[in-house]
Amino acid sequence: MSTELESPEALVRIRVPLDAAEEGPPDDWLWAEPLGSGRFRIESCPFFAYGVSRDDVVVAAPPPGDESPRLEDVIEKGGHRTLRAALDPAVDVAHPRVQDALGRLLEMGCTHETLRPKLVAVDLPTAVDVAGAVALLQALSDEGLLLWEWADPRPC
């Protein structure tokens, strides 16, 4: 059985401190594969942090008195990009238009994670048609179903 800090695939959770001046949670948490020497490969999408995406290699170390590694720096970009969507208060992830768009993103080669009921983080691997993925989210935005943003637009 997996715990909150360790997954069945031997991944660990990396704590990503967020800007204290902004509203929202104080930290984001990302699953990562330990590579040794304090380096980790990110294996999930951030819901709140900026500038980090799946497959990025980061340096992380636990601060004194803490067991959770804390992201210190991105040392190698992995080629992925991250988009995020916040659903309108009247809409949740089960909405048919949202489900259709998420299915189409999967068909394009993207993956996504949801923080139910209102947040979706989308991973865009290198080979994905970025313009097509953006167009899908923009269409939902134009319908008033969600707002989207780039969390990490630079693949390298």
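The values are calculated or read from the model by the stated rules, or taken from the named source; none is laboratory data. The shown structure was predicted, so the numbers you read here are calculated from the model rather than taken from an experiment. Glycine also receives a Cβ, built like all others from the backbone with ideal geometry; neighbour counts cover every protein chain displayed.
Restricting attention to the stretch 89-106, does a residue exist that is polar (S, T, N, Q) and closer than 25 Å to residue 51 by Cβ?
Here is the first cut: in the stretch 89-106, the residues polar (S, T, N, Q) are 99.
Now restrict to residues that are closer than 25 Å to residue 51 by Cβ: none.
No, the conditions are met nowhere in the stretch 89-106.
For the condition modelled with pLDDT under 95, surrounded by 13 or more Cβ atoms within 10 Å (Cβ to Cβ) and more than 21 Å from residue 144 (Cα to Cα), what is the one hit in 38, 24? Reasoning before the result, please.
Details: 24 fails: surrounded by 13 or more Cβ atoms within 10 Å (Cβ to Cβ).
So the residue among 38, 24 that is modelled with pLDDT under 95, surrounded by 13 or more Cβ atoms within 10 Å (Cβ to Cβ) and more than 21 Å from residue 144 (Cα to Cα) is 38.
For the stretch 41-62, name all the residues that are in a strand (DSSP E or B) and surrounded by fewer than 19 Cβ atoms within 10 Å (Cβ to Cβ).
Filtering the stretch 41-62 down to residues in a strand (DSSP E or B) leaves 41-42, 57-61.
Of everything in the stretch 41-62, those that are in a strand (DSSP E or B) and surrounded by fewer than 19 Cβ atoms within 10 Å (Cβ to Cβ) turn out to be 41, 57, 59, 61.
Select from the stretch 94-133 the residues that are among the aliphatic types (A, V, I, L, M), surrounded by fewer than 15 Cβ atoms within 10 Å (Cβ to Cβ) and either in contact (Cβ under 8 Å) with a residue 24 or more places away in the chain or under 13 Å from residue 80 (Cα atoms) (or both) and list them in ascending order.
Step one: of the stretch 94-133, the residues among the aliphatic types (A, V, I, L, M) are 94, 98, 101-102, 105-106, 108, 115, 119-122, 124, 127-128, 130-131, 133.
Subsequent filtering for residues that are surrounded by fewer than 15 Cβ atoms within 10 Å (Cβ to Cβ) retains 94, 106, 115, 127, 131.
Across the stretch 94-133, the qualifying residues are 115, 127.
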